[in-house]
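Worksheet: one structure, shown below.
The values are calculated or read from the model by the stated rules, or taken from the named source; none is laboratory data. As the structure is a computational prediction, the values presented were derived from the model and not from experiment. Here the Cβ positions follow ideal geometry from the backbone for every residue, glycine too, while neighbour counts run over all protein chains shown. The protein model used for the area step is the full one, side chains on, heavy atoms only, and it has no ligands, DNA or RNA in it. Shrake-Rupley method; radii C 1.70, N 1.55, O 1.52, S 1.80 Å.
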Amino acid sequence: MTLYIPTRHVALPRQAWDPGRVRAWLERWAAEALAARARHGWPMHPRDAEDVVGDAGGQEPPGPLQSLYFGACGVWLALARVAAAGLCELPMGLPEIFDQVLEDYARSPDTGERVPSWFLGESAPLTLSCLARPDARKADRLAEMIRDNRDNPTREPLWGAPGTMLGALFLHEATGDERWAELFRDSAAALWESWIHDEARDVWLWEQDLYGSQVRYVGAGHGWAGNLNPLWRGQALLSPAQRAELRARTLQGLGRLAEGDGELANWPPVVEGPPKPLVQWCHGAPGIILSLRHADLPEALPLLIRGARLIVAAGPLEKGVALCHGTDGNGAALLEVYRRTGDADWLERARDFAMWALAQSEAERQRVGQWRYSLFTGDAGLSCFLVDCLEGRSRGMPGIDSLW
């Protein structure tokens with residue numbers, strides 16, 4: 001069985017882990033990012049511009065992007081991590097930074113109108129602003145946004161409740177306020193209501209009403225795994241019956257949706273349709289591994305390790321750097337397996353991917369003449385992965401599992 005497409009991956013020579021080179025890259029990237037911001041703001045990378053215009057139906061973005069996925073919110077989150085590692089200094093405090101991001105977003109939303117989307121809209125900048133400097137008015141707006149997005153028909157993280165409910169989780173973890181716990185439970189209830197049993201496959205799935213199509217996605221970016229992530233992360237807020245159901249349905253789906261070949265395993269992008277075995281965070285084994293980081297499922301670990309072996313076998317991605325669909329996102333999954341197992345071999349494999357991603361980033365900068373200033377598609381996300389590799393730990397996906 002073909003579990004990955006070789007042409008989507010590249011064979012690169014293995015480079016020894018070099019923490020000095022990694023620190024130098026981080027210092028250089030942060031210094032140039034801060035200088036670019038001070039001069040004229042972060043320019044959009046040509047490849048990001050293609051994606052943004054495509055998502056907007058051919059329309060140019062209305063102004064500099066501010067969202068978590070493509071924009072300033074994500075870049076500042078990455079810079080805050082690099083600063084916390086002692087490799088740069090921020091020009092102002094986090095309250096001022098995220099207040100400004102929020103103001104810029106309100107003035108010129110990335111998609112042309114203000115939307116709740118965690119990745120492309122207002123809820124993530126609003127959450128970060130509330131966390132950096134508590135504000136009752138902003139908290140009320142965030143609560144209303146989470147509540148109003150509970151029934152979003154996309155039923156996936158990018159636009160729907162599985163994304164915006166992260167705001168409730170982050171605020172509840174920071175404050176202990178029951179208000180946020182109730183908002184989380186309300187979004188969880190909406191997910192439960194739309195969780196449908198596929199009789200033929202004997203698995204519980206969600207159907208995504210996305211971009212004019214009804215699709216049942218499996219991966220972290222749009223589907224089953226991405227919806228499971230906030231449920232597992234907030235499991236303490238669920239009822240005992242829900243926790244038992246979540247455990248049973250996760251294990252059932254993990255096994256029944258998997259495709260295996262010997263010691264390797266992967267998961268398809270969609271439940272039905274022509275096979276397209278991707279190995280990325282958004283679709284495939286890396287996203288499955290990372291989405292289940294909060295799930296205490298020791299019986300699932302052998303299958304997840306088979307997914308990690310597939311990542312190593314496939315090697316770095318031809319697309320280059322991107323947490324969403326690139327070499328560093330796949331390396332982050334290996335770092336997560338290291339956290340789960342304590343086996344130092346997985347840390348070594350993750351650092352292999354870090355060195356490959358660093359080299360790909362440097363080559364892309366030389367080719368285009370600029371960094372790719374974005375968290376999920378570019379060098380900002382790589383910086384988060386490199387900091388974790390330096391520290392020898394996994395914090396999961398930035399903006400999803402952890403913030404600064």
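Points worth noting:
- Under the criterion of Cα pairs below 8 Å and six or more residues apart, the relative contact order for the chain equals 19 percent.
- Each of Ala236 and Asp209 was given a label point 7 Å from its Cα along the Cα-to-Cβ line. The distance between the two points is 3.5 nm.
- Backbone phi angles across segment 138-152, fed through the Karplus curve with coefficients 6.51, -1.76 and 1.60 (θ = phi - 60°), yield HN-Hα couplings of 5, 4, 4, 5, 5, 4, 5, 5, 5, 5, 5, 9, 4, 9, 3 Hz in residue order; Gly and Pro are listed as x.
- Under 5 Å from the amide H of His9 lie the amide H atoms of Glu318, each residue being 5 or more positions distant or on a separate chain, with H modelled from the backbone and absent for Pro and chain starts.
- Low-density loop positions, GluC sites (Glu not before Pro), segment 245-275 - DSSP coil, at most 12 other Cβ in 10 Å: Glu263, Glu272
- Full-stretch length increase - Leu12, His40 - with 0.36 nm per residue and alpha-carbon distance subtracted: 6.5 nm
- Evaluated with a Cβ-only charge set (Lys, Arg +1; Asp, Glu -1), the chain carries a dipole of roughly 700 debye about its Cα centre, given to the nearest 20.
- Using the Cβ-Cβ distance between Asp140 and Ala84 with R0 = 30 Å, the FRET efficiency computed as 1/(1 + (r/R0)^6) comes to roughly 0.50.
- Share, in percent, of DSSP beta bridges within the chain that are antiparallel, nearest 5: 90
- Close amide-amide hydrogen proximity is noted between Trp204 and Asp198, Gly253, each under 5 Å apart and 5 or more residues distant or on a separate chain (H modeled in the peptide plane; Pro and chain starts excluded).
- Each label was represented as a point 7 Å from its Cα along the Cα-to-Cβ direction; for Ala344 and Arg28 these points are 2.9 nm apart.
- Whole-number accessible area per residue in Å² for the chain, which is evaluated in the context of all protein chains at 1.4 Å: 38
- Between Gly121 and Leu68, the built amide H atoms are under 5 Å apart, and every one of these is 5 or more places off in sequence or on another chain.
- Accessible carbon and sulfur surface of the chain relative to its total accessible area, %, 1.4 Å: 51
- Under 14 Å from the Gln100 label point (7 Å along Cα→beta-carbon), backbone N, segment 20-37: 33-37
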